[in-house]
Amino acid sequence: MITIRLPDGSTKELEDGATALDLATSIGRRLAKAAVAATVDGAPVDLGTPLPDGAEVAVITEDSEAGRAVLRHSTAHVLAQAVLELWPGAFYAIGPSIADGFYYDFELPGGATFSDDDLGRIEETMRAVMAADQGFVREEHSIEEGLALFSDQPFKREIIEGVANASPDAELSAEAAADIAPDASAVSAYRNDGFVDLCRGPHVASTGRLGHFKLLRVAGAYWRGDEHRPQLQRIYGTAWESDKALAEHLHRLEEAERRDHRRIGAELDLFSFPTEIGSGLAVFHPKGATIRMLMEQYSRQRHIDGGYDFVYTPHITKSELFEISGHLDWFAEGIFPPMELDDGQKYYLKPMNCPFHILVFRSSQRSYRELPMRLFEFGSVYRFEKSGVVHGLTRVRGMTMDDSHIFCTREQMGEELGALLTFVLDLLGDFGLEDFYLELSTRPPGKAVGSEAEWDEATEALRAVAEGRGLELVMDEGGGAFYGPKISVQARDAIGRHWQVSTIQLDFQLPQRFGLEYVGADNARHRPVMIHRALFGSVERFFAILLEHYAGALPTWLMPVQVVVLPVRDDHDDYARGAAARLAATSVRVEVDVADEPLNARIRRWKLQKVPYILVVGDDDVAAGTVGVNARSSERAVRDVALDDFLASLSVEIETRGSPETHE
């Protein structure tokens, strides 16, 4: 007999050789039916894995995030099996589970490409594999055997050769994490009905366990995200534990497509990405620039009220600055190539603002009386994102960071972090984001400066602040910057998606690298602590998040046009202009659309522009000094509203950062 420890601290006695599935069955039939994998002392394993005596075992169920990842990875495996059956001679690369789905990358024979029309027959082939209920059989191989097994699959061989060695390729290790472990001395594969794939597992027991899936789209993707490598064909899909969960997700996808900021930006004429300028470089049009100006103005005022000092720094710098900071060592892949000026001196576009703010602090001798020193800038930065990951405003190459860097004493550190997190959450709430959780990112192995003791102190300081907020705290092991750990504020939008917005990073390292000091009350020199903080993340990304959160119908205070006045006939034009002038005198952004086309056509046009209020004026309004109010959130207009009453209500709505939807 063996004794198994359960997550709740209880134990189970099982026969020698009992598997994870046997454990689930001994607990209950419902658990056994829902089980897709298990963890043994924290390591994920297949349900058929024999359990060692004394192990702590947790059953992974299909409706958990870990369980869904198993379903999705197993479905990706079947996708590759189907593609190779339909396109003999195809090469397959990687097929990981991702948030809410999976994908698999392929290179088809003769340079062929997938079309969306191919998805139906691929799905049909996959369902045939699932109906056959083929068992997933795990195999263990030496490195040499693995290379021989995939001798006709160049991408699989590259993964094995690049990861399973004494100096593994870190980037490839991360990309192929589901396939092989770094420094692996052996490789595992899963086989079913003659098809075999490189994989660490776990998988479901058999293909019959799958079926609630849909292939979504085809896309191109460079191998390893590098445009100098082969361009592969990527198929995206999603898989769930039930048809109901699948249907709910597909509905969310439809809603996400409706809210896509790229589509909304074009429809509302907010921004564009001219090909003459280049990938990932946005141009904001007048209406989009107005929204952005309002965002920045509000943030500036809040920072003034919060005791911040404003600075401005240049867009380029000599290489020396980033050599001192370490960014050229640790962040080189994200920096644009240098420009050679001044007899060969290398200059770089800045990828971040922090080294510049450090120089502001270092520009004169500082006293403890000046601390905390809070520096703030809307600073333009440039990051060399690979073309395959550039995406609308959420992933760009040129962006504006709302960067703050706070220099304080170690004694001030905890209080400053707490106040800073409160400031961040309050300001995000002013923009209508209210559902948050926090993520704590720790020291990245092999890519960090400073001692473990310093990292531990910084991490625990951030942990204490995060836990003090009472919000859900999720760990991101190894996700910190090279100079320090960070808290990321994750916001859930109107349809439940998660967005990383603000970050707060605690840094003991850059003050050391730049030799920062202040004179304390004891007249001795001390090293300040540095806190990095981006509130919007970037203005561009936050702009996109707001557009998608509100589906383009931004709160009234943020809309570039808040009111449009429509005269019914041309003899009402003068009254309409007068009403608009009254509104404009109180800083309302208002336009008049004169009666040179039918009224209903003009109303439809402005409804599509998501203007908060359309005022229609006719004979009765001219006589009585009233307007007809057609609110964005209402299907019916309210007639005979006194202009002064409308203006008073609108002023309150703008002052409280409300919208027609919140004042129904």
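The values are calculated or read from the model by the stated rules, or taken from the named source; none is laboratory data. Because the structure is predicted, anything quoted here is derived from the model rather than measured. Every residue, glycine as well, gets a Cβ built from its backbone with ideal geometry; the counts of neighbours run over all protein chains shown. These area figures cover heavy atoms from the full protein model, side chains too; ligands, DNA and RNA do not enter into them. Shrake-Rupley method; radii C 1.70, N 1.55, O 1.52, S 1.80 Å.
Some points to look at:
- The criterion of being surrounded by fewer than 18 Cβ atoms within 10 Å (Cβ to Cβ) and either of a type in the set (Val, Ile, Thr) or without any contact (Cβ under 8 Å) to a residue 24 or more places away in the chain (or both) does not hold for ARG217.
- Residue satisfying all of: in region 533-564; in contact with an Asp or Glu (Cβ under 6 Å, 6 or more places away or on another chain) and not hydrophobic (A, V, I, L, M, F, W, C); least open to solvent (accessible area, probe 1.4 Å) among these: THR556
- Residue identified as open to solvent by less than 60 Å² (accessible area, probe 1.4 Å), outside any helix (DSSP H, G or I) and touching a residue at least 12 places away in the same chain (Cβ under 8 Å) among GLY280, GLY288: GLY280
- Within the set ALA181, ALA177, the sole residue that is surrounded by 16 or more Cβ atoms within 10 Å (Cβ to Cβ) and not in a helix (DSSP H, G or I) turns out to be ALA181.
- Filtered residue count, region 441-472, keeping only those that are outside any helix (DSSP H, G or I) and touching a residue at least 40 places away in the same chain (Cβ under 8 Å): 8
- Test: residue in region 228-239 that is out of contact with any Pro (no Cβ under 8 Å at 6 or more places or on another chain), among the small types (Gly, Ala, Ser) and open to solvent by less than 20 Å² (accessible area, probe 1.4 Å): yes
- Every residue from region 392-448 that is more than 21 Å from the chain's Cα centre (by Cα), crowded, with 19+ Cβ neighbours inside 10 Å and of a type in the set (Asp, Glu): GLU416
- A Cβ distance below 9 Å, combined with a sequence gap of six or more or placement on separate chains, defines the contacts here; from region 294-305, residues that are closer than 13 Å to ASP430 by Cα reach residues that are loosely packed, with under 12 Cβ neighbours inside 10 Å in the pairs ARG302/ASP426.
- In region 571-600, the qualifying residues are those that are in contact with a strand residue (DSSP E or B) (Cβ under 7 Å, 6 or more places away or on another chain), farther than 17 Å from LEU650 by Cα and not β-branched (Val, Ile, Thr), and the one that is modelled with the lowest pLDDT is ALA595.
- Of all residues making up region 293-315, the number that are in a helix (DSSP H, G or I) and either at pLDDT below 95 or open to solvent by less than 40 Å² (accessible area, probe 1.4 Å) (or both): 5
- Single condition ASP197 does not satisfy, out of (1) among the charged types (D, E, K, R); (2) open to solvent by 30 Å² or more (accessible area, probe 1.4 Å); (3) assigned to a strand (DSSP E or B); (4) closer than 30 Å to GLU145 by Cβ: (2)
Every residue, every condition in (1) in contact with a Pro (Cβ under 7 Å, 6 or more places away or on another chain); (2) among the acidic types (Asp, Glu); (3) not in a loop (DSSP other than H, G, I, E, B), yes or no:
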position: PHE361; (1), (2), (3): no, no, yes
position: SER380; (1), (2), (3): no, no, yes
position: GLU385; (1), (2), (3): no, yes, no
position: PHE407; (1), (2), (3): yes, no, yes
position: PHE423; (1), (2), (3): no, no, yes
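- Matching residues in region 446-502 - criterion: being out of contact with any Leu (no Cβ under 9 Å at 6 or more places or on another chain), closer than 21 Å to LEU421 by Cα and among the aromatic types (Phe, Trp, Tyr): TRP455
- Given (1) under 43 Å from the mean Cα position of the chain (by Cα); (2) more than 22 Å from GLY288 (Cα to Cα); (3) not small (Gly, Ala, Ser), index of the condition PRO612 fails: (2)
- Of the candidates ASP63, ASP53, ASP8, the single residue that is under 31 Å from the mean Cα position of the chain (by Cα), among the acidic types (Asp, Glu), surrounded by fewer than 22 Cβ atoms within 10 Å (Cβ to Cβ) and not in a strand (DSSP E or B) is ASP63.
- As a summary of the residue check, GLY470 satisfies the conditions (1) at positive phi; (2) over 27 Å from the mean Cα position of the chain (by Cα) except for the one numbered (2).
- Looking only at region 462-484, and only at residues there that are among the aliphatic types (A, V, I, L, M) and either under 27 Å from GLU171 (Cα atoms) or open to solvent by 20 Å² or more (accessible area, probe 1.4 Å) (or both), the one that is modelled with the lowest pLDDT: ALA481
- Matching strands (runs of 3 or more DSSP E) fully within region 316-358 where at least 1 residues are aliphatic (A, V, I, L, M) and over 27 Å from the mean Cα position of the chain (by Cα): 316-318, 339-341
- Checked against (1) part of a helix (DSSP H, G or I); (2) free of Cβ contacts under 8 Å to residues at least 24 places away in the same chain, GLU416 passes all but condition (2).
- Residue pairs meeting the criteria (Cβ under 6 Å; at least 6 apart or on separate chains; first on the phi < 0 side of the Ramachandran plot, in region 593-620; second polar (S, T, N, Q) and in a helix (DSSP H, G or I)): PRO612/THR556
- Filter result for GLY225 (of a type in the set (Gly, Ala, Ser) and within 22 Å of ASP63 (Cα to Cα)): no
- The residues of region 568-609 that are surrounded by 12 or more Cβ atoms within 10 Å (Cβ to Cβ), over 19 Å from ALA642 (Cβ atoms) and within 35 Å of the chain's Cα centre (by Cα), listed by number, are ARG589, ARG605, TRP606, LYS607, GLN609.
- Selection over region 348-373 of residues that are open to solvent by 40 Å² or more (accessible area, probe 1.4 Å) and either of a type outside the set (A, V, I, L, M) or over 15 Å from ARG383 (Cβ atoms) (or both) gives a count of 9.
- Positions within region 503-556 being hydrophobic (A, V, I, L, M, F, W, C), out of contact with any strand residue (DSSP E or B) (no Cβ under 6 Å at 6 or more places or on another chain) and either at positive phi or in a strand (DSSP E or B) (or both), in sequence order: ALA551
- The condition of being farther than 27 Å from GLY478 by Cβ and touching an Asp or Glu at 6+ places or on another chain (Cβ under 6 Å) holds for GLN134.
- Every listed requirement among (1) open to solvent by less than 10 Å² (accessible area, probe 1.4 Å); (2) without any contact (Cβ under 8 Å) to a residue 24 or more places away in the chain; (3) acidic (Asp, Glu) is met by ASP507 save one, (2).
- Matching residues, region 146-156, being loosely packed, with under 14 Cβ neighbours inside 10 Å and within 13 Å of ALA184 (Cα to Cα): none
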